[in-house]
1. If contacts are Cα pairs under 8 angstrom and at least 6 residues apart, what is the relative contact order of the chain in percent?
2. Tell me the mean residue ellipticity at 222 nm calculated for the chain from its helices only (DSSP H runs of n ≥ 4, each -39500 (n - 2.57), averaged over every residue, nearest 500).
3. Which label marks the calculated value of Rg and Dmax of the Cα atoms in Å, given the options (i) 16.7, 53; (ii) 18.1, 66; (iii) 20.6, 69?
4. Classify the range 14-129 from the C-alpha gyration tensor, please: rounded if a/c falls under 1.5, else prolate or oblate depending on whether a/b exceeds b/c.
5. Calculate how steeply helix 64-76 sits against the longest principal axis of the alpha-carbon atoms of the chain, using the helix alpha-carbon long axis, and give the answer as 0 to 90 degrees to the nearest 10.
6. Any chance you could run the full-extension gain for residue 44 through residue 56? It's 0.36 nm times the residue separation minus the Cα-Cα distance, nm to one decimal.
7. If you filter the range 65-148 for trypsin sites (Lys or Arg not before Pro), then keep DSSP loop positions with at most 15 other Cβ within 10 Å, what is left?
8. Can you give me the angle between helix 29-48 and the longest principal axis of the chain, using Cα atoms only, in degrees from 0 to 90, rounded to the nearest 10?
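The numbers here are math on the coordinates, done by the rules we state, and not lab data. Since this is a predicted model, take the numbers as computed values, not measurements. Positions of Cβ are backbone-derived with ideal geometry, glycine not excepted, and every protein chain shown enters the neighbour counts.
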Amino acid sequence: MTGIPTLASRIDVDVPAWIVVPGPEEVTAAWRAEVLALFAAVDEVDRSAEDADRLFAGGPPVDPEAALETLLAFRAGLEPEERLVASLLVPNRWPLPVVVTVGPVGPDAADLLQLAGADGGLPVDRPAVEELPEDVRGEGPVVTRYDLDDEGSLWATVCAVRRERVGGTEVDTRVLWRTRDLDLVPVFGPEVVDLVGRVHNEVESPGTVDMTENEVLA
């Protein structure tokens, strides 16, 4: 009997710009301590900057402990095929969680615009649709949209999808970020799109679909 090819993926991000958030069973005391130390260092840099030079200077400071617990709770609620990365790139607004999903393209797969969220929801305006930049391997759309939730709050969503052929198998990579901090979209949206190119997929020997993660701290 012929086995199923294994789809192995690596999220190639660099500390301290990004961290990969492990699942609950993978969180160790050492990992937690290292991330808290990293958060404390980033927080110290944010606080030491002159107000005139600070991006998003207003608002309360980041609480490292609360930020970590929020990320871990978010990660615990994801589906098995989903992974979580968090960006520390934007001062005073980190960590920004982005969901990464990788999977083979099946016969009943949605088209790329559907995967990127171009349809449905309650958009306040028609979603903006662009193509992935040329330096991102593969083809696909980038969709930016603004929706009202059930409580009347306005959310921004940036979603990018790449479809590529890997070892004879079509593979979709999807990154999704949502926020109610609308001022962040022009600043962080391009980083979400760039993240697609940092997901490297390989088709290996027969087995099951898997996604491996970089070490959070080198």
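1. Values: 390 pairs, mean separation 65.0, N = 218.
30 percent.
2. Working: 4 runs with 49 residues, N = 218.
Estimated from H runs of four or more residues: -7000 deg cm²/dmol.
3. Given (i) 16.7, 53; (ii) 18.1, 66; (iii) 20.6, 69, the calculated one carries the label (ii).
4. On the way: a/c = 2.79, a/b = 1.43, b/c = 1.95.
Oblate.
5. Around 20 degrees separate the two axes.
6. Numbers: separation 12, 0.36 × 12 = 4.32 nm, distance 1.53 nm.
Length gained, residue 44 through residue 56: 2.8 nm.
7. On the way: sites: 75, 83, 93, 137, 145; in loops: 93, 137.
Those satisfying the criteria are 137.
8. Approximately 50 degrees, to the nearest 10.
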